[in-house]
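Enquirer: Sharing a structure here in structure tokens format.
The values are calculated or read from the model by the stated rules, or taken from the named source; none is laboratory data. A quick note: this is a predicted structure, and the numbers were derived from the prediction, not measured. Cβ placement follows ideal geometry from the backbone for every residue including glycine, while neighbour counts extend to all protein chains displayed.
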Amino acid sequence: MNTLATTAQLTEPLSMVDAVNLALHRAMREDADVVLLGEDIGPNGGVFRATADLRTAFGEKRVIDTPLAENMIAGLTVGMATQGLKPVAEIQFMGFIFPAMEHIICHAARMRNRTRGRLSCPLVIRAPFGGGIHAPEHHSESTEALFAHTPGLRVVIPSSPQRAYGLLLAAIRCPDPVIFLEPKRIYRSHNQQIKDDGEALPLDTCFTLREGQDVTLISWGAMIKETLAAADQLLSEGIECEVIDIATVSPLDRDTLLASVSKTGRCVIVQEAPQNCSVGSEIASMMATEALFDLRAPVARVSGYDTVMPYFRLEQHYMPQTDQIVTAVKQTMEFS
Amino acid sequence: MKTQYEGKITLTEYLAPSGELLHPLPDTAPDRETLLRYYEKMVLARQFDNKAIALQRTGQLGTYASLAGSEAIDVVTALQMTQSDVLVPYYRNHIMQHLRGMDLADVLLYWGGDERGNSAEAQHQDLPNCVPIATQCLHACGVATAIKYREEARAVVTVLGDGATSKGDFLEALNVAGIWQLPVVFIINNNQWAISVPRALQTIAPTLAQKALGAGIRGEQVDGNDVFAMHERVSQALERARSGKGPTVIEAVSYRLSDHTTADDATRYRSPDALKTGWEREPIKRLQTYLHQQGAWDAEQEQALQNTVADAIQQAVDRYLATPAQPVASMFEHLYAEMPRSLRQQRDIAVAREEETS
């Protein structure tokens, strides 16, 4: 598959994982300081094929298969980034990122601050995350809040092939450390033609996917799919939803969210992650403290349960479904 | 049964605790001028350490990690490095940082609770102090990966304590340094203590250096109180790194002559006899005795050096104490390359509070 358009033409329809691959190709062509590292990313092209063909195109010096140690991968990226390289590391599944947390939280997020800008950590750590693909234990959780809670990090989650392309380019060019979480349930769920013009998308602005007057639906990642489906269904019943993909979950673009809720007076947050101390909690709290007098109804949250992610036979019962979003919106609409 | 692998760990030592030579010196031994420079900087390290502890005891410095006992390791290693090499220190390498360009006032500023101690351009690409144990070993490998990627003839030096050898970061670093043949030198300052836990409780392995063998890389022991031994082994390890011959682990055997930090009280767990033995082997007296015996040093020179060093340290202390605190807004700066809007609001609140309360 040749997706290496050199001019700003539309590609053939691409999946999100192909869009990630396309962005990596472009970033590596543009900047010799971009180096990829991770487990099985070389000849194998990554277990999801996000790095397919990159070894052939850029060689083993720039597409590095590492020993099997996530902590080591994160520690290496910190050292590489302090010297001006732009490492893009792949953690094979987010469920295996925990050994890397010390380097991400204690070093990557702090290096610029700790040295008052003398050194920085312009690194990207990519990880597929979330449920819905019938995976084994530890392969399905949504733990973005752990990173969103850490000052100094940017946490970015795309929800479509085009946004994966533009946001990943932005993440790689960003002078700050970026945790780039790829919702694997929608890796191949739909294809989209991509404008391969090298344009990055902003990391400080939410994307308003649909405008509406009655209620604001706020979501990110794979749940955008169900959120848009709910908005379609509700529109047929006469309820206009404004749908916002926050995309960068930290630091959050509060202004766009507050402006929308002050317009609609209603807010429903949809997330796959457990509810307790989540990104959705922060958004709900923000609405309570900064938009209370614009609200016409309590803020609603449709979340994963505060349980361990069940093995896959029950995962559909864990993950929010379209009808739950529809119900939450209708309950919200009952307040006048 | 076939023997698949046999390893050995050597110990390099030249100068006995008495100041006598154990063996004839090799041709590559440091000349008199170099020895005097080592001595001078070791005296500086010791005086600085005493001054920093005194500042902490009088409420003018935060918790401070003493370097006492590691003067030979740190001074010889730092002076063997070139400016283009990179130092990835832990939190006890104050004199190494200084010898590579950092103002002692900045060292104090760091321990005085001010991030600007890490910010001076004079530190070039060296990493700042690393507090989480052993994590710096992987950063050193990352720095070395960047150097190797750019095909530069530079070495990376990282320093760790004996306790750090028990952590996965250290072992993962050795492993990747071996596979990728990274230009990195790991210096273990084996000072026998990880706060209160003695070396014998870290591992049953008779040496720490042999952990290198498991990663397929070179490991060796050196008497860390012996400038001749340190000079020879560190210079060879650096040369190997710079010429693409891969990593080295040097276990420098020394003794922590201080408490772990000023927040520690080693009398709770360490016998006076053990400490006394430590002082009998310490590096500065050992070199001084040798220099005396060689006719290269006398009491008058000693007094002049002590005075010069004391003046230099006092000047650094004066600069440190005269440094005004950062404004409150500084905690919001340098977190991101560009301050997020949400953070600007919090900064404004903090600044307003600062103005109200000042």
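Enquirer: Taking A:ASP204 as meeting all but one of (1) under 25 Å from A:GLU102 (Cα atoms); (2) part of a loop (DSSP other than H, G, I, E, B), write down the number of the exception.
Expert: Only one criterion is unmet by A:ASP204, namely (1).
Enquirer: Just checking, how many residues over region B:76-113 are free of Cβ contacts under 8 Å to residues at least 40 places away in the same chain, within 9 Å of the chain's Cα centre (by Cα) and over 21 Å from B:HIS260 (Cβ atoms)?
Expert: Going through region B:76-113 one residue at a time, the tally reaches 1.
Quick grid of which residues meet (1) crowded, with 22+ Cβ neighbours inside 10 Å; (2) within 11 Å of the chain's Cα centre (by Cα):
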{"position": "A:SER140", "(1), (2)": "yes, no"}
{"position": "A:THR150", "(1), (2)": "no, no"}
{"position": "A:GLN162", "(1), (2)": "no, no"}
{"position": "A:ARG173", "(1), (2)": "no, no"}
{"position": "A:PHE180", "(1), (2)": "yes, yes"}
{"position": "A:ILE186", "(1), (2)": "yes, no"}
{"position": "A:PRO202", "(1), (2)": "no, no"}
{"position": "A:LYS225", "(1), (2)": "no, no"}
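Enquirer: Counting just the residues of region B:311-334 that are among the hydrophobic types (A, V, I, L, M, F, W, C), closer than 13 Å to B:LEU104 by Cβ and surrounded by fewer than 15 Cβ atoms within 10 Å (Cβ to Cβ), which one comes out farthest from the chain's Cα centre (by Cα)?
Expert: Of the residues in region B:311-334, the ones among the hydrophobic types (A, V, I, L, M, F, W, C) are B:312-313, B:316-317, B:321-322, B:325, B:328-329, B:331-332.
Those still in the list that are closer than 13 Å to B:LEU104 by Cβ too: B:312-313, B:316-317, B:321.
Add one more test, that the residue is surrounded by fewer than 15 Cβ atoms within 10 Å (Cβ to Cβ), and what stays is B:312, B:321.
Values: B:ALA312: 21, B:LEU321: 24 Å.
Result: B:LEU321.
Enquirer: Got a sec? Which of B:THR262, B:THR308 is in the same structural domain as B:VAL176 (by TED's automatic domain parsing) and closer than 30 Å to B:ARG199 by Cβ? Walk me through how you get there before you give the answer.
Expert: Numbers: B:THR308 fails: closer than 30 Å to B:ARG199 by Cβ.
The conditions single out B:THR262.
Enquirer: Do you know which residues across region A:8-67 are acidic (Asp, Glu) and on the phi > 0 side of the Ramachandran plot? Before you say what the answer is, go through the steps one by one.
Expert: Residues of region A:8-67 that are acidic (Asp, Glu), as a first pass: A:12, A:18, A:30-31, A:33, A:39-40, A:53, A:60, A:65.
Answer for region A:8-67, where residues must be acidic (Asp, Glu) and on the phi > 0 side of the Ramachandran plot: A:ASP40, A:ASP53.
Enquirer: If you don't mind, there's one more thing I want to ask. Only one of these conditions is not met by B:GLU152: (1) more than 8 Å from every other protein chain (Cβ to nearest Cβ); (2) under 24 Å from B:GLU333 (Cβ atoms); (3) not aliphatic (A, V, I, L, M); (4) not in a helix (DSSP H, G or I). Which number is it?
Expert: Condition not satisfied by B:GLU152: (2).
Enquirer: Just to check your reading of the model, which residue among B:LEU182, B:LEU213, B:LEU201, B:LEU174 is farther than 29 Å from B:TRP111 by Cα and touching a Cys at 6+ places or on another chain (Cβ under 7 Å)? Full working, then the answer.
Expert: Details: B:LEU213 fails: touching a Cys at 6+ places or on another chain (Cβ under 7 Å); B:LEU201 fails: touching a Cys at 6+ places or on another chain (Cβ under 7 Å); B:LEU174 fails: touching a Cys at 6+ places or on another chain (Cβ under 7 Å).
Within the list B:LEU182, B:LEU213, B:LEU201, B:LEU174, the selection yields B:LEU182.
Enquirer: Please verify whether region B:114-122 includes one or more residues that are surrounded by 24 or more Cβ atoms within 10 Å (Cβ to Cβ), out of contact with any His (no Cβ under 7 Å at 6 or more places or on another chain) and touching a residue at least 24 places away in the same chain (Cβ under 8 Å).
Expert: No, because not a single residue in region B:114-122 is surrounded by 24 or more Cβ atoms within 10 Å (Cβ to Cβ), out of contact with any His (no Cβ under 7 Å at 6 or more places or on another chain) and touching a residue at least 24 places away in the same chain (Cβ under 8 Å).
Enquirer: May I ask you to list the residues in region B:117-129 that are more than 8 Å from chain A (Cβ to nearest Cβ) and within 13 Å of A:MET111 (Cβ to Cβ)? Don't jump to the end; show me each part of the working.
Expert: The first filter runs over region B:117-129 and keeps only residues more than 8 Å from chain A (Cβ to nearest Cβ), leaving B:117, B:122, B:124, B:126, B:129.
Answer for region B:117-129, where residues must be more than 8 Å from chain A (Cβ to nearest Cβ) and within 13 Å of A:MET111 (Cβ to Cβ): B:ASP126, B:ASN129.
Enquirer: Go through (1) in a helix (DSSP H, G or I); (2) within 22 Å of B:LEU104 (Cα to Cα) for B:ARG344 and report which single condition fails.
Expert: With respect to (1) in a helix (DSSP H, G or I); (2) within 22 Å of B:LEU104 (Cα to Cα), B:ARG344 is out only on (2).
Enquirer: Here's a follow-up. In a helix (DSSP H, G or I), away from every other protein chain (no Cβ under 13 Å), surrounded by 24 or more Cβ atoms within 10 Å (Cβ to Cβ) and of a type in the set (A, V, I, L, M): is that true of B:VAL76 in this structure?
Expert: On the way: in a helix (DSSP H, G or I): yes; away from every other protein chain (no Cβ under 13 Å): yes; surrounded by 24 or more Cβ atoms within 10 Å (Cβ to Cβ): yes; of a type in the set (A, V, I, L, M): yes.
Yes.
Enquirer: Condition first: within 14 Å of chain A (Cβ to nearest Cβ) and either over 30 Å from B:SER254 (Cα atoms) or without any contact (Cβ under 8 Å) to a residue 60 or more places away in the chain (or both). Can you find one or more residues in region B:296-305 that meet it?
Expert: At the first step, the residues of region B:296-305 found to be within 14 Å of chain A (Cβ to nearest Cβ) are none.
No, region B:296-305 contains no residue that is within 14 Å of chain A (Cβ to nearest Cβ) and either over 30 Å from B:SER254 (Cα atoms) or without any contact (Cβ under 8 Å) to a residue 60 or more places away in the chain (or both).
Enquirer: Still on this structure, please answer the following. Looking only at residues in region A:41-93 that are small (Gly, Ala, Ser) and more than 14 Å from chain B (Cβ to nearest Cβ), which one is surrounded by the fewest Cβ atoms within 10 Å (Cβ to Cβ)?
Expert: Checking each candidate, the answer is A:ALA57.
Enquirer: Looking at region B:161-178, is at least one residue within 11 Å of another protein chain (Cβ to nearest Cβ), under 19 Å from the mean Cα position of the chain (by Cα), surrounded by 24 or more Cβ atoms within 10 Å (Cβ to Cβ) and assigned to a strand (DSSP E or B)?
Expert: No: region B:161-178 contains no residue that is within 11 Å of another protein chain (Cβ to nearest Cβ), under 19 Å from the mean Cα position of the chain (by Cα), surrounded by 24 or more Cβ atoms within 10 Å (Cβ to Cβ) and assigned to a strand (DSSP E or B).
Enquirer: With respect to B:GLY142, determine if the residue is free of Cβ contacts under 8 Å to residues at least 60 places away in the same chain, in the same structural domain as B:ARG242 (by TED's automatic domain parsing), surrounded by fewer than 24 Cβ atoms within 10 Å (Cβ to Cβ) and on the phi < 0 side of the Ramachandran plot.
Expert: Criteria not met by B:GLY142.
Enquirer: I would also like to ask the following. Which residue out of B:ARG256, B:ARG233 is in the same structural domain as B:VAL43 (by TED's automatic domain parsing), among the basic types (Lys, Arg), surrounded by 20 or more Cβ atoms within 10 Å (Cβ to Cβ) and in a helix (DSSP H, G or I)?
Expert: That would be B:ARG233, the only listed residue that is in the same structural domain as B:VAL43 (by TED's automatic domain parsing), among the basic types (Lys, Arg), surrounded by 20 or more Cβ atoms within 10 Å (Cβ to Cβ) and in a helix (DSSP H, G or I).
Enquirer: When region A:40-54 is examined, which residues are found to be of a type in the set (S, T, N, Q) and within 13 Å of A:ALA89 (Cα to Cα)?
Expert: Here is the first cut: in region A:40-54, the ones of a type in the set (S, T, N, Q) are A:44, A:51.
Passing the criteria: only A:THR51.
Enquirer: Related question: If you go through region B:280-298 one residue at a time, how many are under 27 Å from the mean Cα position of the chain (by Cα) and in a loop (DSSP other than H, G, I, E, B)?
Expert: Qualifying residue count, region B:280-298: 3.
Enquirer: For region B:179-213, give me each residue that is within 14 Å of chain A (Cβ to nearest Cβ), in contact with a strand residue (DSSP E or B) (Cβ under 9 Å, 6 or more places away or on another chain) and farther than 22 Å from B:ALA65 by Cα. Working first, answer last.
Expert: Our first condition is that a residue be within 14 Å of chain A (Cβ to nearest Cβ); within region B:179-213, this holds for B:179-184, B:186.
Next, only the ones that are in contact with a strand residue (DSSP E or B) (Cβ under 9 Å, 6 or more places away or on another chain) stay: B:180, B:182-184, B:186.
Result: B:TRP180, B:LEU182, B:PRO183, B:VAL184.
Enquirer: Please determine, by comparing only the residues of region A:94-122 that are in contact (Cβ under 8 Å) with a residue 24 or more places away in the chain and of a type in the set (Val, Ile, Thr), which one is farthest from the other protein chains (Cβ to nearest Cβ).
Expert: So, considering only residues that are in contact (Cβ under 8 Å) with a residue 24 or more places away in the chain and of a type in the set (Val, Ile, Thr), the one farthest from the other protein chains (Cβ to nearest Cβ) is A:ILE97.
Enquirer: Could you check, for region B:322-341, whether at least one of its residues is assigned to a helix (DSSP H, G or I), of a type in the set (A, V, I, L, M), closer than 30 Å to A:VAL249 by Cβ and within 14 Å of chain A (Cβ to nearest Cβ)?
Expert: Start the filter on region B:322-341 by keeping residues that are assigned to a helix (DSSP H, G or I), which leaves B:328-332, B:341.
Those still in the list that are of a type in the set (A, V, I, L, M) too: B:328-329, B:331.
Narrowing further to those that are closer than 30 Å to A:VAL249 by Cβ: B:328-329, B:331.
After this cut, where a residue has to be within 14 Å of chain A (Cβ to nearest Cβ) as well, the list is B:329, B:331.
The answer is yes; a qualifying residue exists.
Enquirer: For residues that are buried (at least 17 other Cβ atoms within 10 Å of the Cβ) and out of contact with any Asp or Glu (no Cβ under 7 Å at 6 or more places or on another chain), scanning just region B:182-201, find the one that is farthest from B:GLU151 (Cα to Cα).
Expert: Here the residue is B:TRP193.
Enquirer: Which ranges mark the strands (runs of 3 or more DSSP E) fully within region A:207-319 that have 1 or more residues being of a type in the set (A, V, I, L, M, F, W, C) and closer than 19 Å to A:GLU141 by Cα?
Expert: Details: elements: A:207-210, A:215-219, A:241-245, A:248-250, A:267-274, A:300-304.
Per the criteria, A:248-250, A:267-274, A:300-304.
Enquirer: May I pose another question? Can you pull out the residues in region B:208-230 that are in a loop (DSSP other than H, G, I, E, B) and buried (at least 22 other Cβ atoms within 10 Å of the Cβ)? Steps first, answer last, please.
Expert: Filtering region B:208-230 down to residues in a loop (DSSP other than H, G, I, E, B) leaves B:208-210, B:215-217, B:224-226.
Correct list: B:LEU208, B:ALA209, B:GLY224, B:ASN225, B:ASP226.
Enquirer: Go through (1) over 25 Å from B:SER342 (Cα atoms); (2) in contact with a strand residue (DSSP E or B) (Cβ under 6 Å, 6 or more places away or on another chain) for A:ALA229 and report which single condition fails.
Expert: The number of the failed condition is (2).
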